[in-house]
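The values are calculated or read from the model by the stated rules, or taken from the named source; none is laboratory data. Note that this is a predicted model, so its numbers are computed, not measured. Cβ placement follows ideal geometry from the backbone for every residue including glycine, while neighbour counts extend to all protein chains displayed. For the accessible areas, the whole protein counts, side chains as well, though only heavy atoms, and no ligand, DNA or RNA atoms are used. Shrake-Rupley method; radii C 1.70, N 1.55, O 1.52, S 1.80 Å.
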2 protein chains.
Amino acid sequence: MAGRIGNQKFLDKVMSADDAAAFIEPGDSIGFSGFTGAGYPKEVPGALARRIKAATDRGEEFKVRVFTGASTAPELDGVLAETNNMAFRTPYQSDPSLRKVINNGTTDYCDIHLSHLSKMINLGYMGDIDVAVVEATLITEDGKVVPTSSVGMSRTYLARAKKIIIEVNEWQTEDLYGMHDIYYGIGQVPPNTPPIPITAPGDLIGEKAFTIDTDKVVAVVKTNDPDRNSPFKPLDDDSKKIAGYLLDLFDHEVRHGRMPANLFPLQSGVGNIANAVLAGLLDSKYENMTSYTEVIQDGMVNLIDAGKISVASATSFSLSPDAAHHMNENASDYRGKIILRPQDVSNHPEVIRRLGVISCNGMIEADIFGNVNSTHISGTRMMNGIGGSGDFTRSASLSIFVSPSTAKDGAISTIVPMVSHVDHTEHDVMVIITEYGVADLRGLSPRRRPEVIIDNCAHPDYRAALHEYYDRALKTNKAIHTPMDLDNAFSFHQRLRDTGTMMPS
Amino acid sequence: MAGRIGNQKFLDKVMSADDAAAFIEPGDSIGFSGFTGAGYPKEVPGALARRIKAATDRGEEFKVRVFTGASTAPELDGVLAETNNMAFRTPYQSDPSLRKVINNGTTDYCDIHLSHLSKMINLGYMGDIDVAVVEATLITEDGKVVPTSSVGMSRTYLARAKKIIIEVNEWQTEDLYGMHDIYYGIGQVPPNTPPIPITAPGDLIGEKAFTIDTDKVVAVVKTNDPDRNSPFKPLDDDSKKIAGYLLDLFDHEVRHGRMPANLFPLQSGVGNIANAVLAGLLDSKYENMTSYTEVIQDGMVNLIDAGKISVASATSFSLSPDAAHHMNENASDYRGKIILRPQDVSNHPEVIRRLGVISCNGMIEADIFGNVNSTHISGTRMMNGIGGSGDFTRSASLSIFVSPSTAKDGAISTIVPMVSHVDHTEHDVMVIITEYGVADLRGLSPRRRPEVIIDNCAHPDYRAALHEYYDRALKTNKAIHTPMDLDNAFSFHQRLRDTGTMMPS
């Protein structure tokens, strides 16, 4: 373990998590490493939660502002949310305890495009970052900090913070060294930032580790804890059907010369449908694919193992426990095939647009005109956040949203008259896929979209009610580009609230 | 005039507009030059309208699909809309006759981000382009086509069309030659497109004219007609107040080190408020400013004349008749100070984000959470379109929307409980300004936004009703990130419909 800390200045600062947490003061803004349950600090957040509890038990105020890459885990978001003293949180989360305090108004949650946060911090829009708490797999002799299973926002937090706390996690393999590509060319205030020189997903343009001001390191904590790696559910029929439709769409695009035979680089959101899509690609004819995405899931690793994907660029892993174990044992085999970048590079519209990335993300609901809600249940309750879906969707060459057509045993229709919150506008959504089929909205005016969305994607049990809404909307006014019935736009959501189901009786 | 056409192949094809229009067939997709009433062909569209009328009078079907840069003029969108045979239109318009056939369902209108259309056409998503009809100021000896007062989409249409018709317009000055920068590095299908090498608004990276396949030229028509240049209204008090608040905001940002002393490059939408802002900058302390925008308005020319703006990059002029006359007389003085680029470069998120552009656009309405509607009256009726507002807003370092707080003598509040159509999501809107003040939404969670938007921006007469809505929304549910009352979200719009005013009685 001593070998993990190759620099004396860091060795001199080794201490317990509780001693490290003592450097964090009430009111501090803390930038934590961590993205999608990977590479977050494991012990300092818990120690900080204890410190907050002790202070508030004494009647003192101790609120903190929490910045991360994206979602973390119970050991970070969970324990800090449970103090009821996380005053502010950005840019993404998926934790049950945190969701609760966000929705009850305890925590101010700023739901921001993942590619935007770094720029907003560097421009000074989000206030100072007081402390960076970053997980590392090793510290090099010359004091560089090697990230673990995610890169996320750490470059920015390490550069901006007044104090730095490093957790060196022995559970993470040292063989991750060389898998990261830390680009320093952007991240400063414009203008006069150079073009990002990535022209293919595998391009290496940066450093293998973070360069930091070592004088700012106030504590180093040794840990040996696994990431929050959740097993994937076995593939269900709906996911397989959705994956099948997506592959049909790819075939169609290639056949019509709209995409090369090895496809455009793929982005896929996190979750079971995404994994089903990747499993579908494993059995497909496609070869020499690439990925320019946010997270590396099991299915992506399988595609690399099978030689179907030559290189995958992301900012983080999000693996099952088995796949994480496999990666820890064999990380060196993936060097050059998997690249982890800062999230303002992995999600940068400049690169996404240049490479022609295909985006594929889940959603909560879509409406009959192609607006998509990714974040709010019935317009009010925050689920997780927009994450990187907007970064990829807006700049993709082909933007796709996927979801089963219903939720809660059919009580909720994914297709509604009007979404209760808009995260992706009708200008940005090209294709919607459910287990019933594909709605290809490219080149369609608003009046042409309802029939393809309702008839191809909505659950058959909801189609009559959706058509009825649309027919009524058409009659409300003579001058209508987008037929909308103000009185019934949220009728599905109101029925759900009042009767427990969106289904008309 | 012969001197305007320096190439024999083009001279051989000189003919009347009616003869040229005969090359356009029923069902054709036509790519016209033209952006914001500048640089559109003046005579072939009218001849085409006559050809359509004659055919349909004979009982034949003659529908056309119309692609442009952005809005054009009565001589193009007006005459073609009035045939009732414009089957399809994209990506932007502002014509009264066209608006009518869009809203009555005669014309399918695809309202697309201006930076996206070129890519979508090149990927084959919008079908073939059969004919390009492009206005030129001159044809060089080697057969290059020099655009006039806009560049817009012409590079793409000229490259993709099977037939090319050129209007050479003597009204446009030949001194425009050298003001255009036609970049060919993008515009092809990804992947493997290079970075756009613009790192400052004044960078010249392309050609001075379009390179085309001269064998595709079927007709050349000589014209001598002015652009649709509309006079600006005199600056009213509200516009001056909004401009004043915007300048205060700039001062604030510079003072806090968030912006350089010469500001970030400016983008400003079209219209009277935008012109007021530019007039305000003329009297400000700011020097050595630059602009990376879509259109050059009178105010921008004044800023260049005064030496306050060193260089302005755009895709089009949009001048008053007086300013257009001045430009025609003195265009050579502006070479190097004004640069007109293809709209997929002027509006490209890669460059906008790199340069840190400040975006400033008008809107129809904003809601108390910061969602913005730029396109639809009461969610249904198309006004103009999203234009480039999304291109700039999403990638700006500071994204601003401006509007008077009311319209129709106070019957319509610009600030509503929920916008009736979302073009810019709450994730993308940083600042809202009305004549009452500034709502700075940066870093605010949804629960923090209503008070700043209502109290700083809404008209005082509407504040009580907006607060009442919000207070009720807060009570609808315990678990609320974004307080929304499904039953009353559109109460302002319903009241307007039912009583003629959004004001509660």
Being among the charged types (D, E, K, R), without any contact (Cβ under 8 Å) to a residue 12 or more places away in the chain and outside the structural domain of A:G388 (by the TED database) is true for just one of A:D95, A:D57, A:D77. Which residue is that?
A:D57
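Among the residues of region B:182-195, is any assigned by the TED database to the domain that holds B:T72 and assigned to a helix (DSSP H, G or I)?
Looking through region B:182-195, none of the residues is assigned by the TED database to the domain that holds B:T72 and assigned to a helix (DSSP H, G or I).
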Test: A:T148 is open to solvent by 30 Å² or more (accessible area, probe 1.4 Å) and touching a residue at least 40 places away in the same chain (Cβ under 8 Å):
no
Only one residue in B:A274, B:A261, B:A243 is of a type in the set (G, A, S), free of Cβ contacts under 8 Å to residues at least 60 places away in the same chain, buried (at least 23 other Cβ atoms within 10 Å of the Cβ) and assigned by the TED database to the domain that holds B:V438. Which one?
B:A243
For the structure I just gave you, tell me whether B:A411 is more than 25 Å from the chain's Cα centre (by Cα), open to solvent by 10 Å² or more (accessible area, probe 1.4 Å), modelled with pLDDT of 95 or more and under 20 Å from B:T375 (Cα atoms).
yes
What do you reckon, is A:I198 outside the structural domain of A:Y436 (by the TED database), at pLDDT below 95 and buried (at least 17 other Cβ atoms within 10 Å of the Cβ)?
no
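Conditions tested, residue by residue: (1) within 18 Å of the chain's Cα centre (by Cα); (2) among the polar types (S, T, N, Q); (3) modelled with pLDDT under 95.
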position: B:E294; (1), (2), (3): yes, no, no
position: B:S316; (1), (2), (3): yes, yes, no
position: B:N330; (1), (2), (3): no, yes, no
position: B:P342; (1), (2), (3): yes, no, no
position: B:P349; (1), (2), (3): yes, no, no
position: B:N361; (1), (2), (3): yes, yes, no
position: B:D367; (1), (2), (3): no, no, no
position: B:G390; (1), (2), (3): yes, no, no
position: B:S395; (1), (2), (3): yes, yes, no
Answer yes if at least one residue in region A:453-460 is polar (S, T, N, Q), farther than 21 Å from A:S389 by Cβ and touching a Gly at 6+ places or on another chain (Cβ under 7 Å), and no otherwise.
yes
Before we move on, is A:I164 open to solvent by less than 10 Å² (accessible area, probe 1.4 Å) and either within 14 Å of chain B (Cβ to nearest Cβ) or at pLDDT below 95 (or both)?
no
Given (1) within 9 Å of another protein chain (Cβ to nearest Cβ); (2) free of Cβ contacts under 8 Å to residues at least 40 places away in the same chain; (3) crowded, with 24+ Cβ neighbours inside 10 Å, where does A:G443 come up short, assuming only one miss?
(3)
From the list A:L466, A:L486, which one is closer than 21 Å to A:P446 by Cβ and facing chain B (nearest Cβ under 7 Å)?
A:L486
Does A:A54 satisfy the criteria of being of a type in the set (A, V, I, L, M), more than 30 Å from A:F232 (Cα to Cα) and modelled with pLDDT under 95?
no
With the condition kept exactly as written, say whether any residue in region B:101-113 is farther than 16 Å from A:P446 by Cβ and of a type in the set (A, V, I, L, M, F, W, C).
no
Flag for A:G143 being away from chain B (no Cβ under 12 Å), on the phi > 0 side of the Ramachandran plot and either open to solvent by less than 20 Å² (accessible area, probe 1.4 Å) or in contact (Cβ under 8 Å) with a residue 12 or more places away in the chain (or both):
yes
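Does A:D175 meet the test of being open to solvent by 10 Å² or more (accessible area, probe 1.4 Å), touching a helix residue (DSSP H, G or I) at 6+ places or on another chain (Cβ under 8 Å) and part of a helix (DSSP H, G or I)?
Yes, satisfied.
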Considering A:P45, A:P41, which residue is in a loop (DSSP other than H, G, I, E, B) and within 25 Å of A:L114 (Cβ to Cβ)?
A:P41
Can B:I5 be described as modelled with pLDDT of 95 or more, under 15 Å from B:E135 (Cβ atoms) and either surrounded by fewer than 23 Cβ atoms within 10 Å (Cβ to Cβ) or touching a Leu at 6+ places or on another chain (Cβ under 9 Å) (or both)?
yes
Of the candidates B:T156, B:T137, the one satisfying the condition of being in a strand (DSSP E or B), at pLDDT 95 or above and away from chain A (no Cβ under 12 Å) is B:T137
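Can you tell me which residues in region A:101-115 are more than 7 Å from chain B (Cβ to nearest Cβ) and either surrounded by 24 or more Cβ atoms within 10 Å (Cβ to Cβ) or of a type in the set (F, W, Y) (or both)?
Those that are more than 7 Å from chain B (Cβ to nearest Cβ) and either surrounded by 24 or more Cβ atoms within 10 Å (Cβ to Cβ) or of a type in the set (F, W, Y) (or both): A:T107, A:L114, A:S115.
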Can you report the number of residues in region B:117-134 which are open to solvent by 10 Å² or more (accessible area, probe 1.4 Å), within 11 Å of chain A (Cβ to nearest Cβ) and in a loop (DSSP other than H, G, I, E, B)?
3
Please determine, by comparing only the residues of region A:64-99 that are part of a helix (DSSP H, G or I) and among the charged types (D, E, K, R), which one is nearest to the other protein chains (Cβ to nearest Cβ).
A:R99
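May I ask you to say which residue of B:S29, B:S16 is within 14 Å of chain A (Cβ to nearest Cβ) and either touching a residue at least 24 places away in the same chain (Cβ under 8 Å) or open to solvent by 10 Å² or more (accessible area, probe 1.4 Å) (or both)?
Answer to the check: B:S29.
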Across region B:469-483, the tally of residues that are over 35 Å from the mean Cα position of the chain (by Cα), within 12 Å of another protein chain (Cβ to nearest Cβ) and of a type outside the set (S, T, N, Q) stands at 6
Look through region A:481-505, keep the residues that are touching a residue at least 12 places away in the same chain (Cβ under 8 Å), hydrophobic (A, V, I, L, M, F, W, C) and outside any helix (DSSP H, G or I), and return whichever of them is surrounded by the most Cβ atoms within 10 Å (Cβ to Cβ).
A:M484
Restricting the first residue to region B:448-465 and requiring it to be buried (at least 17 other Cβ atoms within 10 Å of the Cβ), which pairs with a second residue that is of a type in the set (K, R) meet a Cβ separation below 7 Å and a spacing of at least six or different chains?
B:I454/B:R463
